[in-house]
Amino acid sequence: MTAPDFNEADRKPRKLHVVTHGCQMNVYDSARMADILRPLGYTTVDRPEGADMVIMNTCHIRERAEEKVFSALGRLRVMKEEQGGNMMIAVTGCVAQAEGEVLARRAPYVDLVVGPQSYHRLPELIAQAHRKQGVVIDTEFPVDQKFDHLPDVAAPQGVVSYLSIQEGCDKFCSFCVVPYTRGAESSRPALSVLAEARRMVALGAREIALLGQNVNAYHGEGPDGATWGLTRLLSEMAEIEGLERLRYTTSHPNDMTDELILAHRDNPKLLPFLHLPVQSGADKILKAMNRKHDAEHFRRVVGKLRDARPDIAFTSDFIVGHPGETETDFQDTMKLVRETGFALAYSFNYSPRPGTPAAALSQVPDEVKNARLYELQAELRRQQDAFNAATVGLTTPVLFTGRGRYDGQVAGRSLWLQPVVVEHGAELTGQIRNVQITSTNTNSIVGVLLPQEQIAA
Ligand code: SAM
Ligand code: SF4
């Protein structure tokens with residue numbers, strides 16, 4: 001790591017509050033920022049009041065995500081004034097990257113604006129902010145990888161830990177800001193990923209979710225000098241003792257190779273669960289979105305995965321009301337949803353993002369988008385309920401992650417990542433135990449703990 005421009009007085013104990021918006025990659029980045037600042041005396045606190053530093057790690061994917069940043073910043077401004085100015089405010093993540101100068105003008109009480117590729121430089125930037133009047137902005141895409149400069153993971157993320165292995169995107173979907181805010185696609189070397197995974201396991205992780213904007217396009221340098229794809233990386237990760245579960249997100253249908261599909265059959269630690277965004281079921285819209293695959297390709301990939309791992313559950317992302325989407329196109333999406341059957345899915349109204357190609361096109365009216373989203377979400381909700389109901393009576397291994405919401409309950413995740421609660425007085429965090437699912441309700445699945453010798457179905 002570059003030696004920060006910090007003197008001893010700068011290392012006094014300080015309170016750091018980190019707010020995370022958006023995707024799991026931001027969750028990972030937030031944890032890493034806390035790791036970077038810990039040696040400088042910063043300990044994380046749960047509330048912004050009284051904090052010496054607040055980092056707002058932001059998301060720019062939809063307009064509403066961006067609005068949230070400005071209203072949260074308004075509240076921080078008041079707090080900062082109440083603390084006599086003694087609160088450093090940093091905006092990081094994709095809004096920082098996309099709106100750097102605008103942010104500095106609109107919110108001049110912000111001290112630092114740092115893009116997602118520059119946060120390893122936080123110590124120097126904080127030192128600069130202490131010296132300088134006005135906002136310090138770093139939204140460069142440095143040529144060297146930030147991962148080379150990050151310290152070792154120091155704090156446990158938990159039984160389920162997230163590990164970024166790939167960043168950025170070269171696919172340029174018509175609607176998406178990621179290639180502009182996260183930069184070109186790049187993969188971390190396999191050895192650095194494996195070392196970090198081992199460290200996470202030593203800190204208590206039992207499940208690791210590998211993260212990337214297009215995680216299944218991973219192509220990192222292997223220790224043998226060859227390029228490793230995701231399948232190879234997953235099979236090496238499966239060798240890590242104490243690591244029980246593996247998954248990866250987010251995948252693009254075009255990067256689901258046959259080899260990776262078969263890993264769902266052959267890698268014993270890979271969960272039967274895959275997030276595979278399709279966005280639309282209409283070929284015309286998929287083309288307009290620049291997704292470079294059609295609906296049939298998605299159906300084929302899903303079919304092959306089900307052949308390889310019959311109990312696999314799918315989740316996906318959908319956008320309704322992309323420019324040019326007619327009612328017939330939308331009904332193609334509904335058809336694909338009904339045919340596929342999802343355990344869960346995320347769906348959004350198309351939100352025009354400045355600088356992306358689709359934003360310049362003629363837009364579908366809001367009321368049309370809202371009506372379509374309502375129809376789609378009703379079907380997806382129905383499918384989610386049906387999926388959960390179908391697990392009643394099954395016995396599944398559950399990885400326990402902590403206490404439940406109510407006294408005497410413990411909570412965990414099934415093989416299909418369903419949130420499961422069971423009545424149990426003792427601590428089970430970190431253990432995998434067989435649970436028979438007895439009922440489901442809107443937000444959780446209820447089960448009973450089976451004696452340890454009973455084998456899961
Ligand atoms: N790389 C992933 C893929 O190709 O599917 C998706 C990453 S993106 C951060 C997460 C999701 O946000 C997308 O799958 C898409 O459904 C949604 N999204 C992205 N841009 C959007 C926009 N302009 N309006 C609405 N939803 C959007
Ligand atoms: Fe965005 Fe995913 Fe498309 Fe890349 S592949 S541009 S991250 S939606």
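The values are calculated or read from the model by the stated rules, or taken from the named source; none is laboratory data. Since we're looking at a predicted model, the values are computed, not measured. In this analysis, Cβ positions are derived from the backbone assuming ideal geometry, glycine residues included, and neighbour counts consider all displayed protein chains.
Observations on the structure shown:
- Among the residues of the range 212-240, those that are within 16 Å of ligand 2 (Cβ to nearest atom) and buried (at least 19 other Cβ atoms within 10 Å of the Cβ) comprise 212, 213, 214, 215, 216, 217, 218, 230.
Okay, residues lined up against (1) without any contact (Cβ under 8 Å) to a residue 40 or more places away in the chain; (2) assigned to a loop (DSSP other than H, G, I, E, B):
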position: 29; (1), (2): no, no
position: 32; (1), (2): no, no
position: 37; (1), (2): no, no
position: 48; (1), (2): yes, yes
position: 55; (1), (2): yes, no
position: 60; (1), (2): no, yes
position: 66; (1), (2): yes, no
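- Screening the range 342-377 for residues that are in contact with a His (Cβ under 8 Å, 6 or more places away or on another chain) and within 16 Å of ligand 2 (Cβ to nearest atom) and picking the one that is farthest from residue 278 (Cα to Cα) gives 353.
- Residue match in the range 104-120 (condition: of a type in the set (Ser, Thr, Tyr) and more than 24 Å from residue 183 (Cα to Cα)): yes
- Number of positions in the range 288-317 that are on the phi < 0 side of the Ramachandran plot, within 12 Å of ligand 2 (Cβ to nearest atom) and either assigned to a loop (DSSP other than H, G, I, E, B) or of a type in the set (A, V, I, L, M, F, W, C) (or both): 3
- Set side by side, the residues 148, 152 differ, and just one is touching a helix residue (DSSP H, G or I) at 6+ places or on another chain (Cβ under 9 Å), more than 16 Å from ligand 1 (Cβ to nearest atom), within 28 Å of residue 237 (Cβ to Cβ) and not in a helix (DSSP H, G or I), which is 152.
- Number of positions in the range 86-110 that are under 20 Å from residue 32 (Cβ atoms) and crowded, with 21+ Cβ neighbours inside 10 Å: 9
- Boolean, residue 330 is touching a helix residue (DSSP H, G or I) at 6+ places or on another chain (Cβ under 9 Å), surrounded by 14 or more Cβ atoms within 10 Å (Cβ to Cβ) and touching a residue at least 24 places away in the same chain (Cβ under 8 Å): yes
- For the range 362-380, the condition holds for no residue, the condition being that it is of a type in the set (Asp, Glu), farther than 25 Å from residue 64 by Cα and away from ligand 1 (no atom under 13 Å from the Cβ).
Okay, residues lined up against (1) under 18 Å from the mean Cα position of the chain (by Cα); (2) surrounded by 20 or more Cβ atoms within 10 Å (Cβ to Cβ); (3) within 16 Å of ligand 2 (Cβ to nearest atom); (4) farther than 16 Å from residue 215 by Cα:
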site	(1), (2), (3), (4)
125	no, yes, no, yes
133	no, no, no, yes
170	no, no, yes, no
175	no, yes, yes, yes
178	yes, yes, yes, no
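- Among (1) small (Gly, Ala, Ser); (2) on the phi > 0 side of the Ramachandran plot; (3) in contact with a Pro (Cβ under 9 Å, 6 or more places away or on another chain) - the single one residue 127 does not satisfy: (2)
- Options 339, 325; residue that is away from ligand 2 (no atom under 14 Å from the Cβ), outside any loop (DSSP other than H, G, I, E, B) and in contact (Cβ under 8 Å) with a residue 40 or more places away in the chain: 339
Conditions (1) modelled with pLDDT under 90; (2) of a type outside the set (D, E, K, R); (3) within 16 Å of ligand 1 (Cβ to nearest atom); (4) not in a loop (DSSP other than H, G, I, E, B), marked per residue:
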{"site": "72", "(1), (2), (3), (4)": "no, yes, no, yes"}
{"site": "79", "(1), (2), (3), (4)": "no, yes, no, yes"}
{"site": "85", "(1), (2), (3), (4)": "no, yes, no, no"}
{"site": "130", "(1), (2), (3), (4)": "yes, yes, no, yes"}
{"site": "133", "(1), (2), (3), (4)": "yes, yes, no, no"}
{"site": "140", "(1), (2), (3), (4)": "yes, no, no, no"}
{"site": "158", "(1), (2), (3), (4)": "no, yes, no, no"}
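- Candidates 399, 417 - the one that is assigned to a strand (DSSP E or B), touching a residue at least 40 places away in the same chain (Cβ under 8 Å), within 23 Å of the chain's Cα centre (by Cα) and more than 30 Å from residue 324 (Cβ to Cβ): 399
- Here residue 399 does not qualify as out of contact with any Cys (no Cβ under 7 Å at 6 or more places or on another chain), within 22 Å of residue 207 (Cα to Cα), surrounded by fewer than 19 Cβ atoms within 10 Å (Cβ to Cβ) and at pLDDT 95 or above.
- Residue 359 vs. criteria over 30 Å from residue 246 (Cα atoms) and either more than 25 Å from the chain's Cα centre (by Cα) or outside any loop (DSSP other than H, G, I, E, B) (or both): yes
- Residue 199 vs. criteria under 30 Å from residue 400 (Cα atoms), surrounded by fewer than 20 Cβ atoms within 10 Å (Cβ to Cβ), at pLDDT 95 or above and not aliphatic (A, V, I, L, M): yes
- The range 99-114: number of residues that are part of a helix (DSSP H, G or I) and touching a Gly at 6+ places or on another chain (Cβ under 8 Å): 2
- The residues of the range 277-287 that are away from ligand 2 (no atom under 13 Å from the Cβ), outside any loop (DSSP other than H, G, I, E, B) and touching a helix residue (DSSP H, G or I) at 6+ places or on another chain (Cβ under 8 Å), listed by number, are 283, 284, 285.
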